[in-house]
Amino acid sequence: MKFKFLSLLLIVTSTAFSQTDAKLTAKLQDAIKGFNGNVGIYVQNLKMGKTVAINADTLFPTASMIKVSIQCGLMDKIEKGEIQYNQKLVYRDSLLYKGEDILGSFKDGDTIEVSKVALLMITMSDNTASLWLQKLVGGEYINNWLDQNGFKVMRVNSRVPGREAIRAKYGWGVTTPYEMCRLFTMIRDGRAVSEAASERMYRNMGRIFWDENALSQIPPYIRNISKQGAVDASRSETVLVNAPHGDYVFSIITNNNKDQRWVKDNEADVLIKKVSALLWNYYEPNSKWKPPVGIDKYMLNE
């Protein structure tokens, strides 16, 4: 109870004393001008506390970003001793989510540790792995964890009784840019499940394969954690950057996108890169780093 009270106090305190960064807000509003769809952005400089909020409390689809919530539910069960991190699971063909997932290439009866399934869920965004872990933990359990930790709207929708209507509108999960950033900040501060569980999650989230958008605009030697989401009409990314002059976190989510092409110059993907580059150069104005000429051919991850 004491830990929960302190967590809530930290949330209230950080919100109460946060200041809007008017200069950065203007830059981001200019960056998203003319986008053919809906955009939500939340940014916080975790050292100075200054924020930017553009449709930051608007509901958006999570797409694969909901997998961070699944990870939290999993870690909560591990913390309670109900699941072991190195516990072996038996794969069944009934778990397959059709697509190009690594886990989907397993044969019925193959075994794999929970730790590796969790890594595939976060690093590769493997859908079969993610749905397997959601089933293991329970969608309602994950949503209860979110509720108990003060998340008002972030929820798993898919395969959770009673959430069929909201799933039809938002898909697998629903969130806001602000709540995505809040979850990332909790993990960074060691307040998600426990300090030890948070550290394990931080390590997993720093090993992302899908680095062609926001992460491509941050120097490769700068540590960060992230999660990406993508469906036809919505592209999104949340990133927490351990920048030299102070950590910052941002979430950009788009929806109802006119451009639904799965190509590298998709309008939303280009916007995510643009916002990430803008933030890096804003917070690190003396940085000499730029994406090297010719890097594009090495960023064709799909």
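Restricting attention to segment 247-267, does a residue exist that is part of a helix (DSSP H, G or I) and either crowded, with 16+ Cβ neighbours inside 10 Å or over 19 Å from the mean Cα position of the chain (by Cα) (or both)? Looking for residues that are part of a helix (DSSP H, G or I) and either crowded, with 16+ Cβ neighbours inside 10 Å or over 19 Å from the mean Cα position of the chain (by Cα) (or both), one finds at least one in segment 247-267, hence yes. Test SER216 against the criterion of being out of contact with any Leu (no Cβ under 6 Å at 6 or more places or on another chain) and closer than 16 Å to SER69 by Cα, and give yes or no. Judged against the criteria, SER216 is not a match. Looking across segment 159-191, the residues that are crowded, with 16+ Cβ neighbours inside 10 Å and over 18 Å from VAL241 (Cα atoms) come down to VAL160, ARG163, ILE166, ARG167, TYR170, GLY171, TRP172, GLY173, VAL174, THR175, THR176. Given the condition buried (at least 20 other Cβ atoms within 10 Å of the Cβ) and in contact with a Phe, Trp or Tyr (Cβ under 7 Å, 6 or more places away or on another chain), answer yes or no: does some residue in segment 130-148 qualify? Yes - at least one qualifying residue is present in segment 130-148. Residues that are more than 20 Å from LEU28 (Cβ to Cβ) and either exposed (fewer than 14 other Cβ atoms within 10 Å of the Cβ) or more than 26 Å from the chain's Cα centre (by Cα) (or both) within segment 283-298 comprise ASN286, LYS288, LYS290, PRO292, VAL293, GLY294, ILE295, ASP296, LYS297, TYR298, listed in sequence order.
Bear in mind these aren't lab numbers, they're just calculated from the coordinates by the rules spelled out. The structure displayed is predicted, hence computed values, not measured ones. Using ideal geometry, Cβ is built from the backbone for each residue, glycine included, and neighbour counts are taken over all protein chains shown.
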